[in-house]
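Trainee: The structure follows.
The values are calculated or read from the model by the stated rules, or taken from the named source; none is laboratory data. Only a predicted model underlies this, so the values are computations on that prediction, with no experimental measurement involved. Note that we place each Cβ from the backbone using ideal geometry, even for glycine, and neighbour counts take in every protein chain shown.
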Ligand SMILES: [Mg+2]
């Protein structure tokens, strides 16, 4: 997972130290040594995450953070405050200025990487939504100037999972003081039953659940469709350093150390709720306004018009960020014979079922579009040849391994796939052409297979040399 990280600190030595640590983990690092410089760098270089020193002359970290949050084009960028002080008041001031998280100097490597990785995942999901919204605007489907306002962080439905009855009650009382509606449960089973029966805005999970394994519960909540998009805050014992990293890797969006400090609990919960509502609004604006106009009515995938409009933006974004984007072009083998043998209604049913299989096989932020009759395209942001090849193989098997059932009829099908990458193509037309060439090669190779345009070029050279 690559990301561009801006490190801001007025002490050059601190900047270099963090830069070295992050570069060693293959993050791209840019730096600034003052608040003013940081704001300039943010506008020009569009970092994915900002590590921000609190104590700086002239403009301190709190003020920088407030300005980042006030500007519509930067308000969504995650900010981690880095402070020499571990005073609770500083944390609260930072969270209230809009920081997502905190690290205390000297910065511990493991908590640094765990927090950065967790925020990069969040940023990627938000970016993809913002980009889609932008495409909607370009097509004139959305009203221009539809602003995402600062979200109200109160009045939320919160589920607290806490084995200790006393702790649970105390946490609930603090949260209820912020006009939230709080449900407290005491076990993993009760938690899963609660989320199935009611929708929540946030879940707080204690890492002490008596007989139950709280880490297992975390990963269950992350793999569950209903709870996957929810912020999950883990409550961890202060001494349990190992857990901090583990809970973030398992999908908690934040954690709190015990003993729970009232204003820190409220500040962290507000930050998470605000973020969730921001994302919800992005998703809602987007879905309501454009999905209808830009989807293929048969398969409910995006249509070609949307792909043509969106892909250019995705490629430009990939080039800007120095990331790879991969494109898969899929074609159902010998599809004409399905229509000829079983009729067009059966042909349509087959396409609907294949689109469903493609949708559940690709990653959440990949985009599936119906490109033509029985031709589909998958655009995969932040994926190079290895991941694209893995997904192509999964897609191939999703079709070849299980016949499609239409009425009583089992229809055995296969697909061929061409794979291309932005590292090989300058623009949308080139990229589509490369994928198309690779698809043609896959057909020529006997179908039911995928071919990477890179390997294709190598093979052509080999053929040419003889
Ligand atoms: Mg400083």
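Trainee: May I ask you to verify whether residue 59 is within 16 Å of the ligand (Cβ to nearest atom), in contact with a helix residue (DSSP H, G or I) (Cβ under 6 Å, 6 or more places away or on another chain) and in a loop (DSSP other than H, G, I, E, B)?
Mentor: yes
Trainee: Same structure, new question: Is it the case that residue 92 is in contact with a helix residue (DSSP H, G or I) (Cβ under 6 Å, 6 or more places away or on another chain), part of a strand (DSSP E or B) and away from the ligand (no atom under 16 Å from the Cβ)?
Mentor: No.
Trainee: Can you find a residue that is outside the structural domain of residue 255 (by TED's automatic domain parsing) and over 30 Å from residue 384 (Cα atoms) anywhere in the range 73-82?
Mentor: Scanning the range 73-82, I find at least one residue that is outside the structural domain of residue 255 (by TED's automatic domain parsing) and over 30 Å from residue 384 (Cα atoms), so the answer is yes.
Trainee: Ok, one more. If you check 218, 192, which single one turns out to be over 19 Å from residue 155 (Cα atoms), in the same structural domain as residue 251 (by TED's automatic domain parsing) and in contact with a strand residue (DSSP E or B) (Cβ under 9 Å, 6 or more places away or on another chain)?
Mentor: Answer to the selection: 218.
Trainee: Consider residue 105 carefully, then state whether it is modelled with pLDDT under 85 and surrounded by 19 or more Cβ atoms within 10 Å (Cβ to Cβ).
Mentor: no
Trainee: Name the single residue, out of those in the range 16-28 being under 24 Å from the mean Cα position of the chain (by Cα) and surrounded by 19 or more Cβ atoms within 10 Å (Cβ to Cβ), that is farthest from the ligand (Cβ to nearest atom).
Mentor: 27
Trainee: Being in a strand (DSSP E or B) and more than 19 Å from residue 402 (Cα to Cα), is that true of even one residue in the range 345-363?
Mentor: No, the range 345-363 contains no residue that is in a strand (DSSP E or B) and more than 19 Å from residue 402 (Cα to Cα).
Trainee: Could you grab me the full set of residues in the range 48-58 that are out of contact with any strand residue (DSSP E or B) (no Cβ under 6 Å at 6 or more places or on another chain) and surrounded by 17 or more Cβ atoms within 10 Å (Cβ to Cβ)?
Mentor: 56
Trainee: Shifting gears a bit: Out of 313, 372, which single residue is touching a strand residue (DSSP E or B) at 6+ places or on another chain (Cβ under 9 Å), modelled with pLDDT under 95 and outside any strand (DSSP E or B)?
Mentor: 372
Trainee: Could you list, in sequence order, all residues of the range 172-201 that are in a helix (DSSP H, G or I) and more than 17 Å from residue 227 (Cβ to Cβ)?
Mentor: Selection gives 172, 173, 174, 175, 176.
Trainee: Then there is this: Which residue out of 84, 32, 45, 38 is within 15 Å of the ligand (Cβ to nearest atom), touching a residue at least 24 places away in the same chain (Cβ under 8 Å) and surrounded by fewer than 16 Cβ atoms within 10 Å (Cβ to Cβ)? Give the derivation first.
Mentor: Details: 32 fails: surrounded by fewer than 16 Cβ atoms within 10 Å (Cβ to Cβ); 45 fails: within 15 Å of the ligand (Cβ to nearest atom); 38 fails: surrounded by fewer than 16 Cβ atoms within 10 Å (Cβ to Cβ).
The conditions single out 84.
Trainee: Kindly provide the set of residues from the range 316-344 that are within 23 Å of the chain's Cα centre (by Cα) and in a helix (DSSP H, G or I), ordered by number.
Mentor: Across the range 316-344, the qualifying residues are 316, 317, 318, 319, 320, 321.
Trainee: Determine the pairs where a residue that is in contact (Cβ under 8 Å) with a residue 60 or more places away in the chain, located within the range 1-29, has a partner that is outside any loop (DSSP other than H, G, I, E, B) and within 16 Å of the ligand (Cβ to nearest atom) with Cβ atoms under 6 Å apart, the partner being 6 or more residues away or on another chain.
Mentor: Partner pairs satisfying both residue conditions: 9/15; 9/53; 18/7.
Trainee: Hey, another quick one. Before we move on, is residue 100 at pLDDT 75 or above, buried (at least 19 other Cβ atoms within 10 Å of the Cβ) and either more than 20 Å from residue 278 (Cα to Cα) or in the same structural domain as residue 364 (by TED's automatic domain parsing) (or both)?
Mentor: So residue 100 does not fit the description; no.
Trainee: For the range 309-348, how many residues are crowded, with 16+ Cβ neighbours inside 10 Å and under 30 Å from residue 384 (Cα atoms)? Walk me through it before giving the result.
Mentor: Going residue by residue through the range 309-348, those that are crowded, with 16+ Cβ neighbours inside 10 Å are 309-312, 314-315, 317-318, 321, 323-333, 335, 338-339, 342, 346-347.
Remaining after also requiring under 30 Å from residue 384 (Cα atoms): 309-312, 314-315, 317-318, 321, 323-333, 335.
Residues meeting the conditions: 21.
Trainee: So residue 68 clears everything in (1) more than 14 Å from residue 8 (Cβ to Cβ); (2) more than 16 Å from the ligand (Cβ to nearest atom); (3) in a helix (DSSP H, G or I) except one condition, right? Which one?
Mentor: Only one criterion in (1) more than 14 Å from residue 8 (Cβ to Cβ); (2) more than 16 Å from the ligand (Cβ to nearest atom); (3) in a helix (DSSP H, G or I) is unmet by residue 68, namely (1).
Trainee: Those residues that are more than 14 Å from the ligand (Cβ to nearest atom) and outside any loop (DSSP other than H, G, I, E, B), I need them from the range 1-15; list them, please. Steps first, answer last, please.
Mentor: Narrowing the range 1-15 to residues more than 14 Å from the ligand (Cβ to nearest atom): 1-6.
Within the range 1-15, 4, 5, 6 qualify.
Trainee: Something else: Could you check the range 420-445 and list, in sequence order, the residues that are out of contact with any strand residue (DSSP E or B) (no Cβ under 9 Å at 6 or more places or on another chain) and either assigned to a loop (DSSP other than H, G, I, E, B) or crowded, with 22+ Cβ neighbours inside 10 Å (or both)?
Mentor: Across the range 420-445, the qualifying residues are 426, 427.
Trainee: Which of the residues belonging to the range 333-362 are free of Cβ contacts under 8 Å to residues at least 40 places away in the same chain and in contact with a strand residue (DSSP E or B) (Cβ under 7 Å, 6 or more places away or on another chain)?
Mentor: The one that is free of Cβ contacts under 8 Å to residues at least 40 places away in the same chain and in contact with a strand residue (DSSP E or B) (Cβ under 7 Å, 6 or more places away or on another chain): 362.
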